[in-house]
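Colleague: One structure follows; several queries about it will come next.
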Amino acid sequence: MATAKRLFNLLVLCWALGLTAWLGHAWWRDHVRPFESTDNAYVRAHMARISPRIGGYVKTVRFEDNQAVAAGALLVEVDDAPLRAERARVEAEVAAQDRRRDALLAEREVQNARIAQHVAAYGAALANFERAQKDLARLAGLVEDGSVPAQQRDAAEQALAVARASLAEHRARTEEATRQRAALAAQVEEALAARAVAIAALARLDVDLAQTRITAPFAGVLGNRAVQVGQLVQPGAVLAYLVPQGEFFVEANFKETQLAEMAVGQTAEVRVDAYPERAFSGVVDSTAPASGAEFSILPPENATGNFTKIVR
């Protein structure tokens, strides 16, 4: 009986030891083994470079290094006097083109009246020409039978020639006036086109004037100021860097052998040298598609073997 009891206790102990070993292995597998660590990590942020879009002399600087600014805050003003002078000139050009257009439109109306007069005169000349033709036709028969002297026929022929010349003159004047009206219409279109060009230049100058005021694209902290009042700046020059507030992330570099079990969404523990006693919790957001060397300006070339050419 005692032997059976000892055997039962031994079996229970073995079962307990096995269960403990299995639970310990499961805990190690789920909580210890997947974790990888690295000291090659940096706190990063998607900072913006503050740069002018147009060149000019800096008129005012409204920030200092390490200053927190709100979105849309005015940071730098570039002298806009040359642009305002150019805008005034273009405005005068627009006004001049407006006056030229109005004058051409008025002249075109006068030309329409002239064309109407020439058309009326041409109609009268045409009527005289047709009457002279009829008179000459009637007199031709009367002269042949001796009823009318030849002098009257000669006078009718002369009147027909005068009527023909007058008809040709009024036709030419009408055609000339019509061509002048077409030329005036072309000049009106030219004035309108020049005015449109000037209006576009005004819009562009308004954009340039707005860009003389450099503002913060988002809220953050400014650093590395590189601008002073009176400085001549060019488009694209870096005046400062703007780091967003509260939008930081950690860029960690692991070995290739450590990446096998890593996946997006896994939890991470981060310790920063500035706060050694505090641990920050995070989540794996993404994995880079390539190594940092591939994104460098001059990536390394590891070609060997047949890729190496020796010139003899």
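The values are calculated or read from the model by the stated rules, or taken from the named source; none is laboratory data. From a predicted model like this one, the values you see are computed outputs, not experimental measurements. FYI the Cβ positions are ideal-geometry reconstructions off the backbone, even for glycines, and counts take in every protein chain you see. We work out accessible area using only protein heavy atoms, side chains counted, and drop any ligands, DNA or RNA first. Shrake-Rupley method; radii C 1.70, N 1.55, O 1.52, S 1.80 Å.
Colleague: In segment 194-212, is there at least one residue being farther than 18 Å from residue 86 by Cβ and within 19 Å of the chain's Cα centre (by Cα)?
Modeller: There is no residue in segment 194-212 that is farther than 18 Å from residue 86 by Cβ and within 19 Å of the chain's Cα centre (by Cα).
Colleague: Please enumerate the residues belonging to segment 264-296 that are surrounded by fewer than 10 Cβ atoms within 10 Å (Cβ to Cβ) and in a loop (DSSP other than H, G, I, E, B).
Modeller: If the condition is that a residue be surrounded by fewer than 10 Cβ atoms within 10 Å (Cβ to Cβ) and in a loop (DSSP other than H, G, I, E, B), then 264, 265, 273, 274, 286, 289, 290, 296 are the ones that fit.
Colleague: Here is a check on your reading of the model: is residue 85 modelled with pLDDT under 75 and either open to solvent by less than 40 Å² (accessible area, probe 1.4 Å) or of a type in the set (A, V, I, L, M, F, W, C) (or both)?
Modeller: no
Colleague: Within the bounds of segment 226-248, is there any residue that is at pLDDT below 90, of a type in the set (Val, Ile, Thr), open to solvent by 20 Å² or more (accessible area, probe 1.4 Å) and under 23 Å from residue 285 (Cβ atoms)?
Modeller: no
Colleague: Go through segment 103-123 residue by residue and tally those that are farther than 11 Å from residue 171 by Cα and aliphatic (A, V, I, L, M).
Modeller: Summing the residues that are farther than 11 Å from residue 171 by Cα and aliphatic (A, V, I, L, M) in segment 103-123 gives 7.
Colleague: Answer yes or no: is there a residue in segment 17-25 that is open to solvent by less than 90 Å² (accessible area, probe 1.4 Å) and in a loop (DSSP other than H, G, I, E, B).
Modeller: For segment 17-25, residues open to solvent by less than 90 Å² (accessible area, probe 1.4 Å) and in a loop (DSSP other than H, G, I, E, B): absent.
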